[in-house]
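These notes are about the structure you will find just below.
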Amino acid sequence: MKANNSVQGKDLGLCRCDDCGQINNTTESCCLRCGAKLQLRDYNSLQRSWALLITAAILLVPANLYPITTLTKSGRVTHDTIFSGILRLVHSDMLPIAVIVFTASILVPWLKIIGLGIYLSAISFNLKFSKKKLMLGFHLIEWIGRWSMLDLFVISLTVALVNMGQLLDAKPAPAATAFALVILFTQVSAKVLDTRLLWDQLEQQDDAN
Amino acid sequence: MTQIEQPKVVRKKLFSPVWLLPIVALALGAWLGVKSIRESGIDVRIHFPSATGIDVGKTLVRYQGLNVGKVVDVSIDDELKGVNVDLLMDYRAEPLLRANSKFWLVTPKASITGVEGLDALFSGNYIGLLPGDGDFRDHFEAEQEAPPVLPGSDGLVIELSAEKLGSLDVGSPVFYRQIPVGEVVSYRLDPQHKVLLKAYIEKQYATLVRKDSHFWNVSGVQIDASLSGIKVNTASLASLIAGGINFSSPVSSPAAEANQGYKLYASQQEANGGVRFVLTAKDADGIKRGTDVIYRGVTIGEVENVVAESQSVSIHTRLDAPYAELLGSDAKFWREGADISLNGFKHAGRLVSGDVIQFLPGNGSPLAQYPLANTAPRLEHETPIMLTLTAAENPGISSGADIRYRQVSIGKIAQVRLADDFSAVLYQAEIFPEFKALLTAGSDFIAEAPLDIKASLDGVEVKSGDLTTLTKGVVSLRHSLNKKALNTAKPIALFASASKADAFYQQGHKIKWTLYSDDAASVTTGSPVYYKKMQVGTVTDVDWQATADRFAVTLAIDSTFAPLLKNNIVFWQNPALAVDASLTGVKLQMAPLNGVLKGSIALAKLDGHKVDSQRLYHSESLARSQAQAISLLLPADSSLRTGAAIRYQGTQIGEVTQVVLNADLKHLDAKAYLYGKYAAPFLKRDSQYQLQQAQVTLKGVEHPEALLTGAFIAATPGNASDNSTQFTVPRLTDDYMAKDALHLLLSRNTLGSVKNGTGIFFRGIQIGQIIDYRLKDNGDEVLLNASIAARYRHLLNQSSRFYDLSGIKVDLGLFSGAQIETGSLETILAGGIGVVTELNNQQAAPLNASQTLPVYGKADADWLQWRPQLSE
């Protein structure tokens, strides 16, 4: 069953155009439909994905250490990092919101970076992973990744709505940029990766298995 | 396909450019990391006595409004005496942390000078920081409160020296044109025991302070309370409580230097400088520190100090700078107080503020000392005309009284004094020169009555002068049209009133005439004298002459009527209301109203014979008839009234003018006049006067006119050769009451219709009457006391029979028929007693008095036939 299903295009001499999805013969160097350059596998994407992931990982540090919002309340200025913000929510007995924010702002980016790292490592270093788990993880990351923008969305809303000068004012702090970049880079990193490389890896494993 | 291109061998790049991204991110992160490590701040520990108001993580350290650190920990110190507050200072704050830097807790503080640390109200308390010098240090002892000098002040600090601090305090504002430009930052006593204040002027206002700036205290409230209102002068509410300093700067002066010393004046006036000098006066009554110096109503200076010298007082005075040049060598100063008079309050404010010093500028260079006069100086070009007025008695004019012409003040009384010989009061009057033309010969000075009430039947006219008249009195000038100027050298009479003045002038033009009257004739001084109802003069005096017991009434008759007085004239009291009531009618005559009130005298010409022009008659008729006075003595029960007529045969020949009860209570004294033309025969000594009263009887009315006018006196002329003015009027009785009447006692069974006055008739003629009746002691009969007129007594003797005449006698007989017998109508109603006499007097003895005779019920028929020859 597995053998039947695991026939890959390249084995059949077919290559899918990345741009328009046209199935071409591998002999073609350009897509018959859109004329884009055809590549059987984009090995460079692995490199790019790694680079972006590393960037995101680096940026994750300031995003968590630096304050993400500057709140001026009655003239008193408080800076909140992501984590202190969650703690504040917990202290304010808003645990469900804290959970959401924690998930969106800390759990998801971290998981995404770690997950991506695992995938990329799996590709790069031929690590042996259960194909099923990888697939589950992959879908999870894909689905949940978009929610990590929740924090920024909240910040941008707050900044727009809470603007009462010295009395009450919220402003994004440097960490907001870093955090946004973390999300951006992880998204892009996941996007640029030619996932076929992963499937190749998995097929090989299956074969080996 | 045919043409196969030579494959281009591309050397695979080892690193994709995308790797730049992580490198950049790394670099960025590293930079941030380094930066944050570098800027991690400096740990500072400050020891506070208490941690009140300090929150870990929230309390910030601020310097010039900038957050330079925050509290990261609070812990109790080792000795448990305070708290250690750990601060994490911004790395850039390192220069602030020096050995002499000061830290203190700023808490919101609301005081009258302002709300301090208002930001702390919102942002919470924070720790203030004042950098100091010295080496770096990271542990400090907190200050109790903010250090006086403003942090980071690069404004101007000046020193002010004042006599006293007043209500100034640290934080008291410094104003320039009421804008706060700085504040007092400290004060202390200097070695000279003056108060040295340090004031800080903010940088942007520092240029306002010049070398020659004047600073003055605007502390508290300046209340200028006067009757014109209350002026409250405060610089600001803050300075009201906390005091304040104001300053002004001349424009041309160079800018002030830092720490320059200035004198702090107590007030703006003082600060503004001016010229100072000394006024000398005998006393400083009403003058005190702060007394204003006034010129044309403008306060141009004030008294700064009053010092008592051995002989006088020195009043240290200052003229404000703008007016300093008014002060010349011949400047004049005098004091002036509130002028309170009933015509108004003048300068009423001075009641509160005290007197002021009036100032008159002078020329020349200012002196250091001036005399202070008590009264306004007399200006050369305004020399008033001096007059001396004289009056026998002061009519209430005091010094300062106005002299007015048509109620316009033309001068004043400067002085009131007694003449040297105390014979008169002398007034020094000053007439303003512009009114010189009014002072003409014949002008009068009249003291005005404060209240002039003229009450007449026309109404009451109350004329009151203004209220000054009440207090000081007012002299009014009555201008005469004479062209000649008044001789001001001689004393001029001051009349107490206009009428007095008139009187004075008219005395010369009036004819004096004296009348004599038995009574004051109800005239008083001022009573008018009328001729044909026109006033020709007045009564000037009514004087009682003790010797003659009469009144001398002096008249002043206007000279225009002099020819009148040359005639035969008579005077009489003009009655207010003359009622000539007679049966022909009542005639009312009213005197002129003026005369009604005051009493008046009328005069009239009489032609012909010489008349008594010196007598004041009681009435016109008396006067016109040149009546002759007589006096009559009447019995006390005579109902004679004043005005009763004296008649002869029905013609009035005189009248009674006065009836008084004599002291013996038994007689009336009546004063009466006999009209001149009839008087002579009735003045004979044996003339008779009898009182006649109206008698209403059933027989008729006797003297009916007496019903209206009352009793009158009937006169009978005499024949004697000598005259008299004293007559006695006999009792008005009939003969029956006369002393020589015959008194008889009649007895009767019952009183019947007999009563007092019941007549006793002889042949129908009344000869007497019953004057009394009583029950006999044993009660068996009634005794009637009868009186028979003397001239009829011969008609009665022992043979006389008395019988009852009362009522109607009706004899009814069957055969004789009815016989009705009546007496006169009078006896029918009033009853009566008849009497007959049988024998003549030779045959019968006369009746004795107190002999009791019976009264028979009826006369026998033969009694009525008796006809004796009765003779005296």
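So which GluC sites (Glu not before Pro) in region B:357-452 are both in a DSSP loop and have at most 16 other Cβ atoms within 10 Å of their Cβ? Can you show the working numbers first?
Numbers: sites: B:GLU380, B:GLU382, B:GLU393, B:GLU430, B:GLU434, B:GLU448; in loops: B:GLU393.
Here the GluC sites (Glu not before Pro) that fit, given the DSSP loop and packing criteria, are B:GLU393.
Provide the buried accessible surface between chains A and B in square angstrom, both chains summed, 1.4 Å probe, rounded to the nearest 100. Provide the component values of the computation, followed by the final result.
Numbers: alone 12480 and 49370 Å², together 60290 Å².
That pair of chains buries around 1600 Å² in total.
Run the accessible area of chain A with a 1.4 Å probe and give the carbon-and-sulfur part as a rounded percent. Write down the numbers at each step before the final one.
Numbers: 7620 of 11670 Å².
About 65 percent, which is the carbon plus sulfur part of the accessible surface.
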**Report entry** Interface residues, region A:54-90 - accessible area loss of 10 Å² or more versus chain alone, probe 1.4 Å
**Finding:** A:ILE54, A:THR55, A:ILE58, A:LEU59, A:PRO62, A:TYR66, A:SER74, A:GLY75, A:ARG76, A:VAL77
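Would you tally the net charge around A:VAL188, using a Cβ to Cβ cut-off of less than 12 Å, leaving A:VAL188 out, and scoring K and R as +1, D and E as -1? Mind showing how you got there, number by number?
Working: positive: A:ARG48, A:LYS112, A:LYS191; negative: none.
Value of the local net charge: +3.
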Query raised in the report: Excluding ligands, DNA and RNA, what is the solvent-accessible area per residue of chain A at a probe of 1.4 Å, expressed in Å²?
Result: 56 Å²
Query raised in the report: What are the ³J(HN,Hα) values, in whole Hz, obtained from phi via the Karplus relation 6.51 cos²θ - 1.76 cosθ + 1.60 with θ = phi - 60°, for each residue of region B:476-488 in sequence order, with x given for Gly and Pro?
Result: 10, 9, 9, 6, 9, 7, 4, 7, 6, 6, 6, 7, 7
Requested in this report: Name the long-range amide H neighbours of B:TYR370: under 5 Å, sequence gap of 5 or more, or other chain; modelled H, no Pro or chain starts.
Outcome: B:VAL278, B:LEU279, B:THR280
Query raised in the report: Roughly speaking, to the nearest percent, how much of region B:380-492's 1.4 Å accessible area is carbon and sulfur?
Result: 55 percent
**Report entry** ³J(HN,Hα) computed for each position of region A:121-138 - Karplus, 6.51 cos²θ - 1.76 cosθ + 1.60, integer Hz, glycine/proline x
**Finding:** 5, 4, 6, 5, 10, 6, 6, 8, 10, 5, 4, 5, 5, 4, 4, 4, x, 4
Report summary line: Between B:LYS282 and B:GLU159, the two model label points (7 Å from Cα along the beta-carbon direction) sit apart by a distance in nm of 5.0 nm
**Report entry** Occluded residues from region B:31-56, i.e. those whose accessible area drops by 40 Å² or more once the chain is not alone (1.4 Å probe)
**Finding:** B:LEU32
Requested in this report: Quick one: which residues, 5+ away or cross-chain, put their amide H under 5 Å from the amide H of B:LEU494? H built at 1.01 Å from N.
Outcome: B:THR390, B:ALA391
Requested in this report: For n ≥ 4 DSSP H runs only, could you compute -39500 (n - 2.57) per run for chain A, divide by its residues and tell me the 222 nm figure to the nearest 500?
Outcome: -19000 deg cm²/dmol
Report summary line: Residues whose built amide H sits under 5 Å from the amide H of B:ARG45, excluding neighbours closer than 5 in sequence, are B:LEU87, B:HIS139, B:PHE140
Query raised in the report: Which residues in region A:15-40 place their backbone N less than 20 Å from a point set 7 Å from the Cα of A:ASP200 along the Cα-to-Cβ direction?
Result: A:15-31, A:37-40
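The values are calculated or read from the model by the stated rules, or taken from the named source; none is laboratory data. In this text the structure is predicted, and so the values were computed from the model without any measurement. Methodologically, a virtual Cβ is constructed for each residue, glycine included, from the backbone with ideal geometry; neighbour enumeration extends over all protein chains shown. The accessibility values were calculated without ligands, DNA or RNA, using every heavy atom of the protein model including side chains. Shrake-Rupley method; radii C 1.70, N 1.55, O 1.52, S 1.80 Å.
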